[in-house]
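What follows is calculated from the coordinates using simple rules that are stated; it is not laboratory data. In this text the structure is predicted, and so the values were computed from the model without any measurement. We place every Cβ from the backbone using ideal geometry, glycine too, and count neighbours over all the protein chains shown.
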Amino acid sequence: MDFMPAVYEHAARFVNRSPWDVSREPELLIQAHARAWEFYHHQPIVVGIDVYNLEPEALGAQIDKPDENDIPAINVHPFQTLLEVIDLPLLNPKVAGRIPMVIEAARHLKGKLPSADVRVPVSGPFSILSNLVGFETLLMEIILQPEMVQKALQQIVSGQVNFCREIVENGLDITFFESAATPPLISPELFRDIELPALKRMIFKAAELVGHPVACIIGGNTAPIIDDILQTETGYVICPSETDQADFMQKIAAYPDVMVRINMNPATLTGDDVQISYAEADRVIGLARNRKKVCIGTGVLPFEANPEIVKKVGEYISFRK
């Protein structure tokens, strides 16, 4: 049973710089993820720090420099209405925001670490739309103008297909992220009616481009929607620590060909008491029993997670298997 920590902003620890600095400087981004991989040997390397900010920023969202080692966040949503989003030109990944930098950093990492699985993070349409207009506005529009929301989501998907194509043309792979579209943020019914058509199109198009099913990372309370998620024909999902993990694993037993990463609670990895981490690892290992396509993960490792504890947990899981 493999251990696969989710290393994004946590990589900044390995170059003793803030997540903000690493997210903005290509050489730091390369060094941070290379050193994190050399320490953990995790798969895949997802070349990002603030993975959900990349496309919204490229489309006009404002991200201010945070204090110290806080994670960069979108502070100003650039649009007030869905019509403004629908009228946007499609994302051009060759010139948009930090996207060219991230792709180039991923290319360097793939050349530097030939045995590593290097991927570029791609955000889902609901996550992008919520960052462009604000989550409260988006929820109100779902109630008042559901058809308009679907149209805006499909417009974003068209731009994201351009992004995926650029990634593939640079010889790289994709990991897909869509955690804004999940209970309790939206109901299972809204996920099915509003989000799923766009999500399916996005995942199908990405899979066509890379030539295999793509990973679809959706956090939150996903047990109630896992059957819907798997309509996308993704080949890799997470069992988030925020959901009823036993229920999730029972439901996904009907899909033995899908790889499942069962996440530990990442809060158990931020202290210095390794026994707390081992106990959490034991709990998750118990959920993984009797499934062949399974690995153990961490959820998003916080910047402050203790690398020595994380590494010891990986060794412990390897020994227990």
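Brief remarks on what is shown
- Note on the chain: with a GNM built from Cα contacts shorter than 10 Å, the maximum mean-square fluctuation among 124, 159, 271 falls on 271.
- Cα gyration tensor shape for the range 3-320, rounded if a/c is under 1.5, else prolate or oblate: oblate
- As a rough footprinting exposure proxy, the listed residues 49, 203 were ranked by other beta carbons within 10 Å of their own, and the order from fewest upward is 203, 49.
- A DSSP coil position with no more than 12 other Cβ atoms inside 10 Å describes the following trypsin sites (Lys or Arg not before Pro) in the range 41-146: 94.
- As a rough footprinting exposure proxy, the listed residues 29, 144 were ranked by other beta carbons within 10 Å of their own, and the order from fewest upward is 144, 29.
- Dipole check for the range 125-238: with +1 at the C-beta of Lys and Arg, -1 at the C-beta of Asp and Glu, and the Cα centre as origin, the magnitude is about 140 Debye.
- Calculated FRET value between residue 193 and residue 257, using beta carbons and R₀ = 22 Å, to 0.05: 0.20
- In order through the range 6-12: 3J(HN,Hα) via Karplus (6.51 cos²θ - 1.76 cosθ + 1.60), integer Hz, x for Gly, Pro: 8, 10, 10, 4, 4, 4, 4
- Relative contact order (%) - criterion: Cα under 8 Å, at least six apart; region: the range 3-320: 18
- Potential extension, residue 140-residue 212 segment - 0.36 nm per residue separation minus Cα distance: 22.3 nm
- Centre-to-centre, using Cα atoms only, the range 297-321 and the range 1-77 are separated by 18 Å.
- Among 280, 208, 195, residue whose mean-square fluctuation peaks in a GNM of the chain (springs only between Cα atoms under 10 Å): 208
- Dipole of the chain, positive direction: furthest Cα of 105, 53, 42, with charges on the beta-carbon: 42
- Charges were assigned to the Cβ only: +1 to each Lys and Arg, -1 to each Asp and Glu. The resulting dipole of the chain about its Cα centre is roughly 1120 debye.
- Gaussian network model of the chain, springs between alpha carbon atoms under 10 Å - residue of 275, 245, 150 with greatest fluctuation: 275
- At least 18 Å along the helix axis (C-alpha) and Kyte average at least -0.5, DSSP helices within the chain: 26-40, 99-112, 146-169, 196-210, 274-288, 307-320
- In the chain, the DSSP-assigned H stretches of four residues or longer account for a calculated mean residue ellipticity at 222 nm of -13500 deg cm²/dmol, using -39500 (n - 2.57) per stretch and the full residue count as denominator.
- Share antiparallel - DSSP beta bridges, the chain, percent rounded to 5: 10
- Each of 41, 212, 10 was scored by other Cβ atoms within 10 Å of its Cβ. Arranged with the fewest first, they read 212, 41, 10.
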